[in-house]
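Values quoted throughout were computed directly from the atomic coordinates according to the rules given, and no laboratory measurement underlies them. Given the structure is predicted, the values throughout are model-derived calculations rather than measurements. Quick reminder, even Gly has a Cβ in these numbers, built from the backbone with ideal geometry, and neighbours come from all protein chains shown.
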Amino acid sequence: MSRLGLALGWKGLGLVILMCGSTLSGADELPELGPEAQAEDVTVATETPEAAPEETSPVEPLPQAPPPEPAAAFRILDTEVPPGKTMRLSWSASQNFAGMDLDTPVLVAHGAKPGPVLCLTAAIHGDELNGIEMVRRVLYSTDPQKLRGTLIGVPIVNLHGFQRSSRYLADRRDLNRHFPGHNDGSSASRIARSFFRSVVRNCHALVDLHTGSFHRTNLPQLRADLSDPGVVALTSGFGATSVLEDKGAAGTLRRAAVDAGIPSVTLEAGEPMRLQLEQVEHGVKAIQSLMSNLGMLKKGFQWNDPQPVYYESSWVRANRGGILLSTVKLGTSVKKGDLLGTVTDPITNVQSLIYAPYNGRVLGRALNQVVMPGFAAFHIGVERSPEEVASEASEEKAADESGGQRDVVISPEDEAVEGDIESIEHPE
Ligand SMILES: [Zn+2]
């Protein structure tokens, strides 16, 4: 069941917002981190017991008339964030030895007025940079005094990978295949569990920010389990952002969050290892539109035109190895039989051509590179009505649950990479 009080139609967005589950407290005045705040104004708190306890004022406050809509303080990571304030906290999974743990920054903007808790997570894959900048722009342009509800942003979930420009954790496992995690599992599984309990459980809705993987690039797009009504409602708030039906691989943060009753989507934009402003700007606009549609920001941020387009999609693969050169751009509409790209054997000079197998739109593609036979090269989406996609997703889910068989479509992100330990060990 959705904990987010959403009642969104496909076209219009009529909203009922649930209060966030926070507790009242006599919070002291805390440093403000507005858009103009300096770095030294930031308060850092951690979830460790040694974190500095909150000081209480010995002076009795003067009785004051209550504000018209008092928001309670928001409690997360052993810290109470007062209404109308932004704080920088930190989460640590305690995966190292004393003094060597990485404190992962968690930014919390707690609105002056009550509303839903929206979480933004980026760089679970440490080489995916566009989302980091999206989180920064959204967080630091949000005035908590004008915000309804709470915005939680984790710009770099996988600090270990980020520091090495790697998609993976230090042990070469993919953190985004281990949620919600186990206390007694692998290192990745324990990190996932800590993050899920400490941060994700606080969210009423979650947007996980990604890019294409392994030298591929994606048109800005949502990946969503459209068999879940709460997720469907969420997808309609992002303005002109394409939506792909995709339940999500087991162990992804998105799927674990949906299973825990938190409507969640993945927002894909661009390619790894690069900061692409056009993609970042699309993402920021889409997220602010969502916040507006959730009632968190004023209506001026809504991006209602054009409406999102819903797609079913599949990958077109290269049947020969060689140098792949694309002849289509992201977003291009193609007809069945259109040339998508060429693959040329650099030794024999034999060239093969890759054609569009059906009419559709190029939602993702491989960058020009050397490929092996079977390489997923072009992601082509076919437009569908949201009702069609949702009903097919529900049928597939029902077939899954009753043990029925269906074709399993493996996305490029699930393909093993050379030296990927997980593909050898199958740890979970
Ligand atoms: Zn990713």
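Observations, loosely collected:
- Taken one residue at a time, the phi angles of segment 84-89 give Karplus couplings (6.51, -1.76, 1.60, θ = phi - 60°) of x, 10, 10, 10, 9, 10 Hz. Gly and Pro are set to x.
- Paramagnetic label reach from S165 (point 7 Å along Cα→Cβ; backbone nitrogen cut-off under 16 Å): within segment 113-148, residues 126-130.
- Once backbone amide H atoms are built at 1.01 Å from N, S242 has L222, V309 as its partners under 5 Å, excluding neighbours fewer than 5 places away on the same chain.
- ³J(HN,Hα), Karplus 6.51/-1.76/1.60, whole Hz, each residue of segment 103-111, x for Gly, Pro: 7, 8, x, 10, 9, 10, 9, 9, x
- For the listed peptides 114-120, 86-92, a ranking on the average number of other beta carbons within 10 Å per residue, highest first, reads 114-120, 86-92.
- Here the 3J(HN,Hα) profile of segment 124-141, calculated from phi with Karplus coefficients 6.51, -1.76 and 1.60 at θ = phi - 60°, is 4, 9, x, 9, 9, 9, 4, x, 4, 6, 4, 4, 4, 5, 5, 5, 7, 9 Hz, Gly and Pro shown as x.
- Fully extending the segment from E387 to S352 would add 8.8 nm, taking 0.36 nm per residue of separation and subtracting the current Cα-Cα distance.
- Amide H partners (placed H, <5 Å) of V81, local residues excluded: F74, R75, I76
- Paramagnetic label reach from D345 (point 7 Å along Cα→Cβ; backbone nitrogen cut-off under 18 Å): within segment 314-338, residues 318-325.
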